[in-house]
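Visitor: Input: one structure, supplied below.
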Amino acid sequence: MLKSNFKWLAKDVITNIIAFMVLISSQQLIALPLVAKDVSVNEFGKILTLFAVANIISAVFGSDIGNVRLVMREKYKELGESGDFKIIFLIAITFCSIVILFFSIYFIGVNEFINITLFMFFCILSTLRFYSIAEYRERKEFNKILKQNIFFFIGMISALPLYFMFKNWIILFIMAEIIAFIYSSRHILIFREPLRTTSLLKLTVKKSIQLGTNTGLTYSLSYIDRLIINPIIGAQGVSIYYASSFVSKIGNIVLNPLSGVMLGWLSNTKQKHRKKIFKLISILSIVIGGIYFIVSLIISPLVIKLLYPQFYQEALKIYIYTCIMGAIYASTSLLKPVIIRFCSIKLLTYANFLYGLIFVVLGFYMTKIHGIIGFAISGIISSIFLFILLHFIMFMDRKLNETG
């Protein structure tokens, strides 16, 4: 069964990687560099922070509800139930709007009513887009993810004349989201589902909160370098670290869809195959981590020299450390969907919390003593800890099921 599905799995992975390369190109190569030229350094920093907030919120309230739908798929089928998700999603959108309003007022300004409204609208549409991706994965319609991101790209390009006219960065992103939503609104099913509760509501809400907490921790930790390096070393240190880790971070963003595709496929896999899957994914995670390290090690110096020549000499001193950390992170990301599908989401949340705690404490300590290299080493140690811990969770879960 696993061998027969490999060809389709490979095709879906490639489709997803291409889809997210289209998305990243529109955001990282068109929008953000363009905005950076037209605003001050401080203003661009605020925009990057808001962009990060939008991504975290969209992932927590959009993607995770869709992922819970994948995980709970069998239970709803067994009971012949339909419902819950529309109610959960509406509550999530409401709560999402409140959180967005708070951050918008803080970063944009209480008097910027139009920009706050536009940003809130952008975040809500982004949340819907994140959710739709998970729903496409549930139905294995991965080509729709590619089409949706192509529409996002078209929306970004079509917004350029408006951006040049008004010089408002939100226009670029909101137009891209609107065009993508026009496409996705015709395909996602949640709008056509009944607005009712089932006997599984309590369990579904519980899993949504657990997975949301998990994702919130993961996404927040991806920006931890700015919170630790900046107060200890300063803004220049943040810039050097960002430049040195640029390839690793972009690579992980591109590889991130692989986890989603795996979860989509695993949602249809029976519990009896878990032993084979644990072994396969464990080996695969090490192989991909090794390949990732070699590729990023070769490419990083070229990209740093091309995009950030002013930081090239300093970035070269630490780029090997960031490549190692990126490779371990890539390996770890392959283990998470297996744990979500076959083990306890609560255990994954605890693992991420411990990882975050160790990273923050060790990061502050090592950065004070050894500077940027110390921070990079603390990241490697923390990532290795998480990698081993996730393997331990899979191993213990398998043993408990074999003896139980």
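Visitor: Give me a count of the residues in segment 349-388 that are of a type in the set (A, V, I, L, M) and either modelled with pLDDT under 85 or open to solvent by 40 Å² or more (accessible area, probe 1.4 Å) (or both).
Guide: Final tally of qualifying residues: 12.
Visitor: Show the residue pairs meeting these rules: Cβ distance below 7 Å; 6+ apart or different chains; first residue within segment 349-374 and under 13 Å from Leu386 (Cβ atoms); second residue modelled with pLDDT of 90 or more and open to solvent by 50 Å² or more (accessible area, probe 1.4 Å).
Guide: Tyr355/Phe385; Ile358/Phe385; Leu362/Ile381
Visitor: Can you tell me which residue among Ile100, Ile133, Ile114 is at pLDDT 80 or above and surrounded by fewer than 22 Cβ atoms within 10 Å (Cβ to Cβ)?
Guide: Ile114
Visitor: Check Lys336, Lys346, Lys317 and return the single one that is over 24 Å from the mean Cα position of the chain (by Cα) and among the basic types (Lys, Arg).
Guide: Going through Lys336, Lys346, Lys317 in turn, just one is over 24 Å from the mean Cα position of the chain (by Cα) and among the basic types (Lys, Arg): Lys317.
Visitor: Give the residue that is least open to solvent (accessible area, probe 1.4 Å), with candidates limited to residues of segment 186-198 that are in a loop (DSSP other than H, G, I, E, B) and touching a helix residue (DSSP H, G or I) at 6+ places or on another chain (Cβ under 7 Å).
Guide: Among those residues, the one meeting the criterion is Ile188.
Visitor: Among the residues of segment 66-84, count how many are touching a Leu at 6+ places or on another chain (Cβ under 9 Å) and under 30 Å from Leu118 (Cα atoms).
Guide: 3
Visitor: I would also like to ask the following. Determine, yes or no, whether Ile150 is aliphatic (A, V, I, L, M), open to solvent by 10 Å² or more (accessible area, probe 1.4 Å) and over 21 Å from the mean Cα position of the chain (by Cα).
Guide: Spelling it out, it is not the case that Ile150 is aliphatic (A, V, I, L, M), open to solvent by 10 Å² or more (accessible area, probe 1.4 Å) and over 21 Å from the mean Cα position of the chain (by Cα).
Visitor: Shifting gears a bit: From the list Leu195, Leu160, Leu172, Leu125, pick out the single residue that is within 18 Å of the chain's Cα centre (by Cα) and more than 15 Å from Arg69 (Cβ to Cβ).
Guide: Among Leu195, Leu160, Leu172, Leu125, only Leu125 is within 18 Å of the chain's Cα centre (by Cα) and more than 15 Å from Arg69 (Cβ to Cβ).
Visitor: I've got another one for you. Could you please let me know if Phe181 is farther than 26 Å from Gly80 by Cα, free of Cβ contacts under 8 Å to residues at least 60 places away in the same chain and of a type in the set (Phe, Trp, Tyr)?
Guide: yes
Visitor: Going by the structure shown, is Val295 touching a Phe, Trp or Tyr at 6+ places or on another chain (Cβ under 8 Å), of a type outside the set (Asp, Glu), open to solvent by 30 Å² or more (accessible area, probe 1.4 Å) and over 23 Å from Thr215 (Cα atoms)?
Guide: No, not satisfied.
The values are calculated or read from the model by the stated rules, or taken from the named source; none is laboratory data. Since the structure is predicted, the reported quantities are computational estimates derived from the model, not experimental observations. Note that each Cβ is placed from the backbone with ideal geometry, even for glycine, and that neighbours are counted across all protein chains shown. Note: areas computed on protein heavy atoms with side chains; ligands, DNA, RNA excluded. Shrake-Rupley method; radii C 1.70, N 1.55, O 1.52, S 1.80 Å.
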